[in-house]
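Asks: Encoded as structure tokens, here's the structure I'll be asking about.
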Amino acid sequence: MATSGTQYVMQAGLASGMSATEGIHSPHPKPVDPHLSDPAYVLPADVMPDSQSRIALHGRGGKDVLTPYMSIGTWSWGDKATFGYDATRDLPRIHAAWKKLKAVGLTFVDTAQSYGDGESERICGTLFKGMARDSFVVQTKWLSTPDMTNMLLQSRGPKARLKDSLSRLGLDYVDIYLVHGPIHPSMISTVAKGMADCVQAGMTRAVGVANYDTQEMIKMADELAKNAVPLAVSQCEYSVIRRFPEVSGMIRECRKRGICFQGFASLAEGRLTGKYSRLNEPPRTLRFSSYPMHMLEPTLNVLKRISEERRVPVPAVALNFSINKGVVPLVGVRDAEQAEQNMQALGWRLTEDEIKRIEAVSIRGNTSSLLQHG
């Protein structure tokens, strides 16, 4: 079972400095050094992803996992500590959003054992009922804290907790299993053995890491390789206002090694949607890239102008930027309207000039020694 209260522990940790703009960290944006940027078109110019397009993630024995170019983030599903989840209000909206996403083939969900103390996984399980197993992709994450048994037996922790996740999801296996962050007390080699055990037991088809820095990612890849398991995914916060994984070279290293890079908080928890302004700040619990909205106005103004020119929603422009940069964006969806907006990021490409306009007002972002290493 999921450890009760994990969602509140995570929220308290993010507030105190686990997220890179909270607690001990400066909230003032840092500009991006253009000399450290990747090219405007990291994704080949002749590739035009739509909702049916798929990316191959490396699984054991050459058995790839095929995923869409966008993943649906489910942190808000069941989570009261950060998102104030109310089942009566929110569950029907989630089902309506899923119906819309399922109709176009955007059925790649990212969840975690800690989201809503396991409730997110349970909700995902209800959505998968009646679906063919090859018609959706599910990715969940192992968090070593705050369960002391889980912390002390790190090589066994991933497998034991994945068994619980599978029960909540109602599945025999997940497609991708990630280490939720570099906050495990055991060595990476020990955790790698635990993750490899999950693959070898048939409980997951592929594995990855979240919030690792580049060297930690490489170390995990090397340790997994000793167990004949490839590292399929590296996930960090990435958006127009947190391009650190790009300018630090992590995304380039992922391309070099055939690792899929995923970017969470790809709309900065709503800050890049046009929903918030200096007169309507986001809730304080939304702590990733939590710059005051007046500091983001130059960035938002450019996104809004391009959205008007393109006749697509602002979120679609921000997500299309990530896709052009070779990133698989993870984007939270709470209702059908958000699903519709996010879907419009696919089927077209920003021009090189438009990308450069966005880059000129983008933000480098920071790291945190407590969680956000990458």
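A short reminder: the numbers here are calculations on the coordinates, not readings from a lab. Since we're looking at a predicted model, the values are computed, not measured. Using ideal geometry, Cβ is built from the backbone for each residue, glycine included, and neighbour counts are taken over all protein chains shown.
Asks: Along the positive direction of the dipole of the chain (beta-carbon charges: Lys, Arg +1; Asp, Glu -1; about the Cα centre), which of 233, 158, 25 reaches farthest?
Replies: So the residue we want is 158.
Asks: A further question on this structure: Looking at segment 33-359 only, what percent of DSSP beta bridges run antiparallel? Nearest 5 please.
Replies: 15 percent
Asks: Can you give me the span-like helices of the chain, meaning DSSP H runs with 15 Å or more of Cα extent along the axis and Kyte-Doolittle mean at or above 0.5? The partial results should precede the final answer.
Replies: On the way: long enough: 87-104 (26 Å, -0.39); 157-169 (18 Å, -0.82); 188-200 (18 Å, 0.62); 214-225 (16 Å, -0.24); 297-310 (19 Å, -0.98); 314-324 (16 Å, 1.25).
Span-like helices in the chain: 188-200, 314-324.
Asks: Can you compute the FRET efficiency between residue 86 and residue 16 using 1/(1 + (r/R0)^6), with r the Cβ-Cβ distance and R0 = 30 Å? Round to the nearest 0.05.
Replies: 0.70
Asks: Something else now. Non-local amide H neighbours of residue 206 (under 5 Å, H modeled in plane, Pro and chain starts lacking H): which ones?
Replies: Correct list: 176, 177.
Asks: Using the Karplus curve 6.51 cos²θ - 1.76 cosθ + 1.60 with θ = phi - 60°, what ³J(HN,Hα) values do you get for each residue of segment 27-37, in whole Hz, with x for Gly and Pro?
Replies: Rounded to whole hertz, the list is x, 7, x, 10, x, 8, 6, x, 6, 9, 6.
Asks: To continue, here is another question. For the chain, what is the charge dipole size about the Cα centre, in debye to the nearest 20, if Lys and Arg each add +1 at the Cβ and Asp and Glu each add -1 at the Cβ?
Replies: It works out to roughly 320 debye.
Asks: Fully extended, how many nm does the chain gain between residue 294 and residue 164 (0.36 nm per residue separation, minus their Cα-Cα distance)? Could you put the intermediate results ahead of the total?
Replies: Details: separation 130, 0.36 × 130 = 46.80 nm, distance 4.33 nm.
Full extension from residue 294 to residue 164 adds 42.5 nm.
Asks: Would you mind checking the radius of gyration and Dmax of the chain based on alpha-carbon positions, in Å?
Replies: When restricted to the Cα atoms of the chain, Rg and Dmax are 19.0, 55 Å.
Asks: Can you give the extra length, in nm with one decimal, that the chain gains between residue 133 and residue 227 once fully stretched, where that is 0.36 nm per residue apart less the Cα-Cα distance?
Replies: Details: separation 94, 0.36 × 94 = 33.84 nm, distance 2.68 nm.
Extra length available between residue 133 and residue 227 comes to 31.2 nm.
Asks: Relative to the present Cα-Cα distance, how much length would full extension add between residue 156 and residue 257 at 0.36 nm per residue of separation?
Replies: Between residue 156 and residue 257, full extension yields an extra 33.6 nm.
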